Amino acid sequence: MTPLLQVTHLTRRFGGYTALADVSCDVAAGTIHALIGPNGAGKTTLFNIVSGVLRPTTGTLVYEGRDYTGTRADQVFAMGVARNFQQVRLFKGLSIVENVMIGCHARMGGLVRDLANLALPKPATEIAARRRALEMLELVGMGSRTTGLPQELTLVDQRRLEIARALASTPKLLLLDEPAAGMNPTEVRELAELVRRIVALGITVLLVEHHMRFVMAIADTITVLSAGRIIAQGPPDVIQKDQGVITAYLGPAP
Amino acid sequence: MAYVNPPRPRRHARAAMLTLCAGACAAAAMISMTELAHADVSLGVLIPSSGKGAAYGIQQQNAIDMFMEKYSDLGAAGKLKLDIYDTRGENPEAINLTRKLMGGDVVAIVGPQFSGEAEVSFPLAVRGEVPIVTPMAAKPGIANANQPWAFRYALTSENVYGPLLDAWVKHQSKPIKTVVVLMDGKDAVSANDGKNVFPSVLKAHGLQILDTITFQTGDIDYSAQVTRAKALNPDGIVISALYNEAAHVAVELRKQGMTQPIVAGVGINHPKFIELGGDAVEGAMAGFDFFVDDPKPAVASWAADFEKRFKAQPSNAAAEMYDTLYLMRDCIISTGITGKDIAADRVKMRDCWANMKNKSAPLMGTTSIEKGDAVRSPVVLEVKGGRFSVAQ
Amino acid sequence: MLLQQLTNGLMLGSTYALVAIGYSLIFGVLRLLHLAHGEVFMVGAFAGLIVVLWFSLGPFAAVFGGLVVAGILGIILELVAFRPIRRRGDNYLAPIVSSVGAGLVLQEVMTKLFGAEQQGFPRQFAGAVYDLGIISITSTQIFIIVVAFASMIALHLFVTRSRLGVAIRATSENLEIASILGINVDFVIMLTFAIASALGGIAGVLVGLNFNAVSPFMGIDMATKGMAIMLIGGLGSIYGAMAGGLLLGVGEVLSVAYLASSYRDAFAFGLMIIVLLLRPRGLFATGIGEAR
């Protein structure tokens, strides 16, 4: 079976600094794939390239067997690649439900059709979008917090809201950038359940995370990045024993 | 038509030229003696044929062409000749050209046309002792200040508003005791009329000014001013403004339900006043020198001829030029100006203008001159059925 | 008299608001001043006039004509004066200069086509005068108020109730994230220009109907007022533009009524300075100006 996402020989330089060097990895459909590594390893850069925010210097990106290298971010999103942000980026001027509705745009006929629908007294897509937004809030465990503005929420709920927004677009690949940051053990457990529920819906999850217990508990495959290079790849039990990974995290043995 | 000052010969060259001239000039003088026997009479004309005032200059050139076709023959004095120069509406050019004409053989200068130009050219003409008559410049005092050589054919607003208010007050069915003056505070002539000229004339007619309310050239919203005027409930409204603004004020007056009669200053002499004002300016009265729909046969046939030739209606500027030239010719013939003795001819021309009494010209009726300014009855007009017509 | 003056201010202010909303919408999505917006307003006024004069239609058709023509013109301006520059990367100065240029071209073209003189709507458009004792108002003025407020309410419903409106708000808050979340920001920008310009066109027709002074230069003053209102109301805030427009309209009228006409513009910009001193981000701060 072809992997959902294939990253091949990806290199990204910022001026003289190489953030990613010849990175290749496959994300299999229906799995939870974790990306780990010390700070500055290039994880977020890889996320930004996969989601179309940054362009690779060299290398190719293939999604569902189709090369999409250099495609604009909104089109990548429309292809079914949704994401959240490490620094929560919600729209402060939009209500909680409206923030989730933003996610519906790409997947529900696009804006041009909306314009035509505007003439109708009660556009079907409008109602559908709102209903879907409420469903997604329910899914992430925020069914009781649908009104008000996002900045009134706790940081953890803001992260959940971002996930709901990403899910509203009916993605096939969900990119989660440090979803567990700042969560207490109970919340981390809830998050793990949520991610499993998401995968059960048939969505593939690629996540970056520092919370090792969380990663080891849910990931099917782990890719370890260090200084822009892949140093290990495999299931959690293999990675846990890998000497190179231990060195990268703890420094070389004395 | 533009004139360039000749470069000054350097000083050491001038001595040589003087000696050369001694012989040559004597010969030239003899030749001109024989020529002068049937010499023509020249007038200098300064108009803005190009630049900001070109629209006026073109109208005036047309009027000049019509005039010369009909009146260039002076009988015993030969032919009338015009030296026409373009000032481009610029003061420095008006100065240069006035100097040039003074040094030549013209018996008088017709022009310049703008008040600014007249203000700088008139003092020169006084010093050079050449009569100078502006057909069109409207600013009060410019001819007065440059006696005894400078004159104006255009009627100043002081001379328009007296007869205008006579007619306006008589015209109303209800007596008028109080007025509100609405004026453009930005336009120089309208502001001066609103602040000084109208008040003195209104006072002379026993009318009380309840308030003087200003707006600015280019304003579009006049509602606040009109509401303020409405609160004072005057018997009549005086508008001192140019045609666009005056029309908008009138529309706003009617819009706010004010039905008082309107009298307006000289700035509204333009078809746009009625076009923009519509029903609101119906019944408004104003006084002009000249108006194109004047039913007097002389004016009507001249205007028709003008329109046929130039595919445009004649403006004030054209009519004023035509009449000024007519009176110049009249003076040449009546005082026996020959063009042979320029200095004496200039004095004759000056005296002819200074002592002008009820002299009639084809377009604007009879004119007298008082302290340099023309005095005549303006045409008092009323807007009736969407046209200016003579108030009955 | 005060009540009548407030009515006068409301008439003026409602058209100011429509123009200022356009500035705010466009500033919201692009963080740029659209300096040809005054000319879009002017072209809208001419479009309304043409509908009336050439096709002998009524005021509703005039408003519709102004709306459509100005909306299309807005899209053209975005495609011609803004998008090509945006494509070449961030540049704050070039789009401002190119929009000034576009404005001058529009002024010149309209002068060539219709002359520099002011034009008015036919006299039957003045409407009947209703004298209600303390205030008097014409049927045309009632029409203007109704259209202006209906436009503002329609805009409010659009931006709060429709997904397109939500997309415009999201884009104006953060264009980059909106793009990452699948919003076609180029389309949203174009749509924003169309809406902003259509409102400007409506304002042009309303000003033409109310003050009867349609000329190629009518947009110049309106543009500076619109920008002042945007600053008073808060950069990019459409509600700030509505409130600021009404405030400035009433304020200007009162300053003319109780001070003098020469204070009109001084008052407008004085008000702007006072608001900015007390509330540097305007009456309805949006957060634009701190972020990005």
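Values in this text are rule-based calculations from the coordinates and carry no lab data. Quick caveat, the model's predicted, so the values are computed rather than measured. Ideal geometry is used to build each Cβ from the backbone, glycine not excepted, and the neighbour counts take in all protein chains shown.
In terms of overall dimensions, the range C:83-151 has a Cα radius of gyration and Dmax of 20.6, 61 angstrom. Exposure proxy for B:M183, C:M272, C:M11: other Cβ atoms within 10 Å of each Cβ, ordered fewest to most, give C:M272, C:M11, B:M183. For the range C:80-202, the Stokes-Einstein estimate of translational diffusion at 4 °C and a viscosity of 1.567 mPa s comes to 71 µm²/s, using the Kirkwood hydrodynamic radius over alpha-carbon pairs.
Which FRET efficiency value, to the nearest 0.05, do you get for B:A55 and B:D166 by plugging their Cβ-Cβ distance into 1/(1 + (r/R0)^6) with R0 = 56 Å? Write down the numbers at each step before the final one.
Working: r = 33 Å, r/R0 = 0.59.
Taking R0 as 56 Å, the efficiency between B:A55 and B:D166 is 0.95.
Counting only alpha carbon atoms, the long axis of helix A:185-200 and the longest principal axis of chain A meet at about 80°.
Using the Cβ-Cβ distance between B:Q216 and B:K79 with R0 set to 56 Å, the FRET efficiency works out to roughly 0.65.
At q = 0.05, 0.07, 0.08, 0.10 Å⁻¹ the log10 of I(q)/I(0) for the protein assembly as shown amounts to -0.48, -0.74, -0.85, -1.10, computed by Debye summation with a single uniform scatterer per C-alpha, solvent ignored. Percent of Cα-Cα pairs per 10 Å bin, from 0 to the last occupied bin, for the range B:157-288, please list those. Distribution as computed: 14, 51, 33, 1 percent.
Annotation for the range B:174-207 versus the range A:79-94: alpha-carbon center distance of 68 Å. With coordinates expressed along the principal axes, the C-alpha atoms belonging to chain A extend over 71, 40, 37 Å, beginning with the largest.
P(r) for the range B:266-358, from all Cα pairs and a bin width of 10 Å, is 13, 32, 27, 19, 7, 2 %, short bins first. Here's the list of aspartates and glutamates a cross-link from B:K272 could span, going by alpha-carbon distance under 13 Å and ignoring same-chain residues fewer than 8 apart: B:E245, C:E117. Are there any helices in chain C, counted as whole DSSP H runs, that stretch 18 Å or more along their axis by Cα and score at least -0.5 on average by Kyte-Doolittle, and if so which? Qualifying helices: C:2-30, C:37-55, C:59-77, C:93-114, C:139-161, C:185-211, C:218-233, C:238-258, C:264-278.
Of the cross-linked pairs B:K79/B:K340; B:K139/B:K357; B:K81/B:K340; B:K139/B:K371, which ones have a Cα-Cα span greater than 18 Å in the structure shown?
Values: B:K79/B:K340 13 Å; B:K139/B:K357 23 Å; B:K81/B:K340 14 Å; B:K139/B:K371 15 Å.
As for pairs spanning more than 18 Å Cα to Cα, those are B:K139/B:K357.
Inter-chain Cβ neighbour count for C:164-171, averaged per residue, equals 6 (cutoff 10 Å, partner chain atoms only).
The helix-based estimate of mean residue ellipticity at 222 nm for the protein assembly as shown, built from -39,500 (n - 2.57) per DSSP H run of four or more residues and divided by its residue count, is -16500 deg cm²/dmol to the nearest 500. Using R0 = 56 Å, the C-beta based FRET efficiency linking B:D40 and B:A231 works out to 0.30.
Shape summary of the range B:66-131, radius of gyration then Dmax from alpha carbon positions: 13.1, 38 Å. Run the paramagnetic zone check for C:R279: 7 angstrom along Cα to Cβ, then residues of the range C:200-241 with backbone nitrogen under 14 Å. So the set is C:229-241.
When you work out D = kT/(6 pi eta Rh) for chain B at 25 °C and 0.890 mPa s, using the Kirkwood radius from C-alpha pairs as Rh and the Stokes-Einstein form, the result is 109 µm²/s.
When both bridge partners sit in the protein assembly as shown, DSSP labels roughly 45% of those beta bridges antiparallel.
Which whole-number percentage describes the relative contact order of chain B, with Cα contacts under 8 Å and a sequence gap of 6 or more?
In percent, rounded to a whole number, it is 18.
Which one, B:T212, B:V375, B:N144, is farthest towards the positive end of the dipole of chain B when Lys and Arg carry +1 and Asp and Glu -1 on their Cβ? Selected residue: B:N144. Amide H contacts under 5 Å for B:F151: B:I132, B:V133, B:T134, restricted to partners 5 or more places along the chain or on a different chain, H placed in the peptide plane at 1.01 Å from N.
In this simple spin-label approximation, C:Q124 and B:N358 carry label points 7 Å from Cα along the Cα→Cβ vector, and these lie 5.2 nm apart. For chain C, dividing the convex hull volume of the Cα atoms by the residue count gives 129 Å³ per residue.
Relative to the compact globular guide of 2.2 N^0.38 Å, what is the alpha carbon radius of gyration of the range B:309-392, as a ratio?
On the way: Rg = 16.3 Å, N = 84, 2.2 N^0.38 = 11.8 Å.
That works out to 1.38 for the range B:309-392.
Based on Cα atoms of the range C:41-128, Rg over Rh with Rh as the Kirkwood radius reads 1.10. Peptide A:70-78 has a mean of 4 when you count, residue by residue, the C-beta atoms of other protein chains within 10 Å of its C-beta. Put simply, the amide H of A:R83, placed in the peptide plane, has neighbours under 5 Å in A:L175, leaving out anything fewer than 5 places away on its chain.
For B:K230, go through the aspartates and glutamates and keep the ones whose alpha-carbon is under 12 Å away, minus same-chain ones fewer than eight residues off. Qualifying aspartates and glutamates at Cα under 12 Å: B:D211, B:E252.
Its residue count N fixes a reference of 2.2 N^0.38 Å for the range C:124-177, and the Cα radius of gyration divided by that reference is 1.83. Spin-label model, B:N144 to C:L93: label points 7 Å out along the Cα-to-beta-carbon direction sit 5.4 nm apart.
What are the DSSP H helices in chain B that stretch 24 Å or more along their long axis, judged by alpha-carbon atoms, and whose average Kyte-Doolittle hydropathy comes to at least 0.5?
Numbers: long enough: B:11-36 (34 Å, 0.94); B:54-71 (25 Å, -0.38); B:316-334 (27 Å, 0.30).
Taking the DSSP H segments of chain B (at least 24 Å long, mean hydropathy at least 0.5), we get B:11-36.
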